[in-house]
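Visitor: I have a structure I would like to understand better, so I am pasting it below and will then ask my questions one at a time.
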Amino acid sequence: MKILEITNYTKGGCGVGMRVLKESQLLADRGHKVTIFSTNKVKGSEELCLFEESQGKLKIKRFPARKLGGESYMHWSFEKEAINFKPDIIIVHVYRHLHTTKALNVAKKIGCKVFLVTHAPFGRENSRSFIANVLVRFYDRFIGRKRLKEFDKIITITKWELPYLRKLGIGSRNIEYIPNGISDEFFKPIKKIDKNKVDEIIYTGRISPIKNLQIISHALAFLNENGFLVKIKGPADKEYLKKIKRIAKENRLEKREIFIPESYNSIEQINELDRAGIFILPSISEGMPQTLVEAMSRGRIVIGSDNDGNKELIKDGKNGFLFNNGDYKHLAKVLEKIKGLSQKEIGYLQKNSRKTAEQFRWIEIIKKLESLLKID
């Protein structure tokens, strides 16, 4: 089967791009002819990447793009090349973007199926400006409601998206739940967390404003440090990195917070997670937080703000802990609680954390997707 996947980014710290790359690689390995179309922009950077690239059997073709607003809303043209490719199916990623409408137009011209993977864009009012929220509501009511019904299938990566889609008139029969996957390497035997080392905290992922990482400094300052050591690692928004470094310095936490603004591979990430006792994700909003699932696969004690994405994965007190979004005092209380856990309680959390992550193994998820693609 010839499959065309379309997304904005295939370089940089982009969760959507990571899913598209892994999904496409696995489909190519299973005998399908897969090509990805994306822009040549690197997310979180002003850099540009190669227009064409091969990764084993997978082909990537990139196009110049012009940003129209925000970090990912762009105009780029790929229709002619998509028609020439003549895919049997198009999988287009991220709702409310111009390239999704273009994918629909291509599918109509060549008579192929087209699936939309939404990537959980709903319920993010707190992370948008007033004008952006007005535009989103306008799009959903007058454009999205009609466009969504034109796709052969809507694929959600979370369960919490379902009520939003139903409000937009999409029936359950047209929706499939296929979350992002986690590679097998994350599921090697986990390391036991020693009770005396739960004060080592790590965050891995994009260092950007929506992650609300400054709240960690405020919580530690409220605790008067309390012995915690924090490592924050990942590709960084330069201005935001300056801001959180400044806040750490103002709170006299320069020696307690380590910032490493660079990308990492999966082996490095596993090693970093295994050295820590706690993984934290204090984001204002999340879709399906990939780094959180990866931390759970390593059996870490996870802490997350109570946004929709984190709440779907973390069951407070059973496989991790939640704190009120944006509330550094509540986060401080959670950290104090973890410091007081017994070795038995830590083992209980580790076991349940790993068990939650097991359902996201890529091997099972790609089987479900391939089965869906073969539906006549």
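The values are calculated or read from the model by the stated rules, or taken from the named source; none is laboratory data. Everything quoted here is computed from the prediction, not taken from an experiment. A quick note on method: Cβ atoms are made from the backbone with ideal geometry, for glycine too, and the neighbour counts reach across all protein chains shown. Remember, those area values only see protein heavy atoms, side chains included, never the ligands or the DNA or RNA. Shrake-Rupley method; radii C 1.70, N 1.55, O 1.52, S 1.80 Å.
Visitor: Scan around Ile303 for amide H atoms under 5 Å from its own, H built in the peptide plane at 1.01 Å from N, and keep only partners 5 or more places away or cross-chain.
Guide: Phe279, Ile280, Leu281, Phe321
Visitor: Let me ask you something else. Calculate, for Leu98 and Ile267, the FRET efficiency according to 1/(1 + (r/R0)^6) with r their C-beta to C-beta distance and R0 45 Å; round to the nearest 0.05.
Guide: 0.75
Visitor: So, one more: Using 0.36 nm per residue of separation minus the Cα-Cα distance, give me the extension gain between Ile143 and Arg166 in nm, one decimal.
Guide: 6.7 nm
Visitor: Counting only DSSP beta bridges with both residues in the chain, tell me the antiparallel percent, nearest 5.
Guide: Percent antiparallel among DSSP bridges in the chain is about 15.
Visitor: Can you find, among Gln343, Asn174, Leu26, the residue sitting farthest towards the positive end of the charge dipole of the chain, where Lys and Arg contribute +1 and Asp and Glu -1 at Cβ?
Guide: Ranked along the dipole, the leading option is Asn174.
Visitor: Assuming a ≥ b ≥ c are the square roots of the Cα gyration tensor eigenvalues, decide whether the stretch 35-125 counts as rounded (a/c under 1.5), prolate (otherwise, with a/b larger than b/c) or oblate.
Guide: Details: a/c = 1.71, a/b = 1.12, b/c = 1.52.
Since a/c reaches 1.5 but b/c is at least a/b, the shape of the stretch 35-125 is classed as oblate.
Visitor: Can you compute the charge dipole magnitude of the stretch 302-363 about its Cα centre, using +1 on each Lys and Arg Cβ and -1 on each Asp and Glu Cβ, nothing else charged? Give it in debye, rounded to the nearest 20. List each step's numbers first, then the result.
Guide: Numbers: 12 positive and 8 negative charges, 64 e Å.
Its charge dipole is roughly 300 debye.
Visitor: Positive end of the charge dipole of the stretch 202-246 (Lys, Arg +1 and Asp, Glu -1 on Cβ, about the Cα centre): tell me which of Phe222, Pro235, Ile202 has its Cα farthest that way.
Guide: Positive-most Cα among the choices belongs to Pro235.
Visitor: Of the options Leu253, Pro121, Tyr9, report the single residue whose Cα projects farthest towards the positive end of the charge dipole of the chain (beta-carbon charges: Lys, Arg +1; Asp, Glu -1).
Guide: Pro121
Visitor: Give me the one-decimal Kirkwood hydrodynamic radius in Å for the stretch 200-290, with the sum taken over alpha-carbon pairs. Don't jump to the answer; show the numbers that get you there.
Guide: On the way: mean 1/r = 0.0751 Å⁻¹.
Result for the stretch 200-290, one decimal place: 13.3 Å.
Visitor: Determine, from the Cβ-Cβ distance of Lys113 and Asn224 and an R0 of 45 Å, the FRET efficiency 1/(1 + (r/R0)^6), rounded to the nearest 0.05.
Guide: E(calc), rounded to 0.05, equals 0.15.
Visitor: Which value in nm describes the separation of the simple spin-label points at Asp152 and Asn196, placed 7 Å from the Cα toward the beta carbon?
Guide: 6.0 nm
Visitor: While we're on this one: Just the projected area, averaged over all directions, of the convex hull on the alpha carbon atoms of the stretch 166-235: how many nm²?
Guide: On the way: hull surface 36.0 nm².
Averaging across all directions leaves 9.0 nm² for the Cα convex hull.
Visitor: Oh, and also: Bin width 10 Å, origin at 0, all Cα-Cα pairs of the stretch 299-376: what percent of pairs per bin?
Guide: 17, 38, 25, 13, 6, 1
Visitor: Ser183 versus Lys238, label points 7 Å from Cα toward the beta carbon: distance in nm?
Guide: 2.9 nm
Visitor: About the Cα centre of the chain, what is the dipole size in debye to 20, counting +1 per Lys and Arg Cβ and -1 per Asp and Glu Cβ, all else neutral?
Guide: It works out to roughly 580 debye.
Visitor: Report the gain in length on full extension from Asp274 to Glu81: 0.36 nm times residue separation, minus Cα-Cα distance, nm rounded to one decimal.
Guide: Gain in length upon complete extension: 65.0 nm.
Visitor: Quick check: convex hull over the Cα atoms of the stretch 212-359, volume per residue in Å³, rounded to an integer?
Guide: Dividing the Cα hull volume of the stretch 212-359 by its residue count gives 105 Å³.
Visitor: Rounded to the nearest 0.05, what FRET efficiency do Glu254 and Phe63 have when you use their Cβ-Cβ distance and R0 = 35 Å?
Guide: Here the calculated transfer efficiency is 0.20.
Visitor: So, one more: Suppose the chain between Arg361 and Lys2 were pulled fully straight at 0.36 nm per residue; how much longer would it get relative to their current alpha carbon spacing?
Guide: Difference between extended and current length: 126.8 nm.
Visitor: Which of the trypsin sites (Lys or Arg not before Pro) found in the stretch 282-376 are in a DSSP loop and have at most 14 neighbouring Cβ atoms, other than their own, within 10 Å?
Guide: The qualifying sites are Lys315, Lys318, Lys374.
Visitor: Over all directions, how big on average is the projection of the convex hull of the alpha-carbon atoms in the stretch 83-188, in square nanometres?
Guide: If I average the Cα hull's projected area over directions, I get 8.8 nm².
Visitor: What's the longest bit of the chain with no exposed GluC sites (Glu not before Pro), using DSSP loop states and at most 12 other Cβ atoms within 10 Å as the test?
Guide: After excluding every exposed loop site, the longest remaining stretch is 48-253.
Visitor: Let me know the charge dipole size of the stretch 245-353 about its Cα centre in debye, to the nearest 20, where only the beta-carbon of Lys, Arg (+1) and Asp, Glu (-1) is charged. List each step's numbers first, then the result.
Guide: Working: 18 positive and 16 negative charges, 105 e Å.
Using only the charged Cβ atoms, the result is roughly 500 debye.
Visitor: Taking every DSSP beta bridge with both residues inside the stretch 91-201, roughly what % is antiparallel (nearest 5)?
Guide: Values: 0 of 9 bridges.
Close to 0 percent.
Visitor: Sticking with this structure for a sec: Where does the chain land at 222 nm, in deg cm²/dmol rounded to the nearest 500, when only DSSP H runs of n ≥ 4 count, each adding -39500 (n - 2.57), divided by all residues?
Guide: Computed ellipticity for the chain at 222 nm equals -11000 deg cm²/dmol.
Visitor: Let me ask another. With a 1.4 Å probe and every protein chain kept in, tell me what percent of the accessible surface of the stretch 1-98 is carbon plus sulfur. Walk me through the intermediate numbers first.
Guide: Values: 2270 of 4360 Å².
Carbon with sulfur: 52 percent of the solvent-accessible area.
Visitor: From Cα coordinates alone, what are the radius of gyration and Dmax values for the chain in angstrom?
Guide: 21.0, 63
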